[in-house]
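Bear in mind that the values in this text are calculations on the coordinates, not laboratory data. Just so we're clear, the structure is a prediction, and the values are computed from it rather than from any experiment. Every residue, glycine among them, receives a Cβ derived from its backbone with ideal geometry; neighbour counts consider all protein chains shown.
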Amino acid sequence: MNRSQKRAVLKKASVIIASFVIASFTYMFFDNVPPYEFKAGRIEPDPAKSGQRVNIIWQLGIRRICPGTVYRKVAGPITSSNASVVYFYDPIPAVISESTVKDMKDNELVITFQIPDVSFPGTYHYSARIDYRCNWLQRVFPLKVDLPIIPFYISREK
């Protein structure tokens, strides 16, 4: 193989590799469909007591399984000082896996968490955002999905 043939082969290989890299990044860039569809949610029991453990029951549609991180908060009523009370929870890993999906009944996902001790009874709102990492590019720029907000009542009694 002479020098010009080697250059031609090297040029073809470079074009193939560059095409593969560009196609991969293009696919990862446009891979923005959330892996799960959180259709509706409810908190049981409602009303909840201050400091009580409650269940969030999500109606869930599953497209694929991806790892992620869940950021949760509970926002409370407007207080007498015209401020809202907000409780932030530590981030936790998204817990949906192959075994979780097999154990689900009627596509319902049940998550348990503890209601904060509140001094103001009233209507609170649970909200969460999940940062999914379904591909390599999303490890740097996660796919951010806001879940539906769930209103519920917290009483002062324990």
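In table form, for the structure just shown:
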| quantity | calculated |
| --- | --- |
| Sequence-distant residues sharing a close amide H with VAL85 (under 5 Å, placed H) | GLY76, THR79 |
| Top of ARG72, ARG133, ARG53 by mean-square fluctuation, Gaussian network on the chain, Cα under 10 Å | ARG53 |
| Where only C-alpha atoms are counted, convex hull volume of the chain per residue in Å³ | 146 |
| Dipole magnitude (debye, nearest 20) for the chain, charges at Cβ of Lys, Arg, Asp, Glu | 1140 |
| ³J(HN,Hα), Karplus 6.51/-1.76/1.60, whole Hz, each residue of the stretch 49-55, x for Gly, Pro | 9, 4, x, 7, 7, 10, 10 |
| Centre separation in Å (Cα based) which lies between the stretch 101-158 and the stretch 22-48 | 12 |
| Contact order relative to length of the chain, as percent, for alpha carbon pairs under 8 angstrom and 6 or more apart | 28 |
| Candidates ALA40, ALA48, ALA13, ranked by Gaussian network fluctuation over the chain, Cα under 10 Å, top entry | ALA13 |
| Top positive-direction residue, dipole computed over the chain with Cβ charges, set TYR89, ILE17, CYS66 | ILE17 |
| Rounded to 10°, Cα long-axis angle of helix 3-30 versus longest principal axis of the chain | 10 |
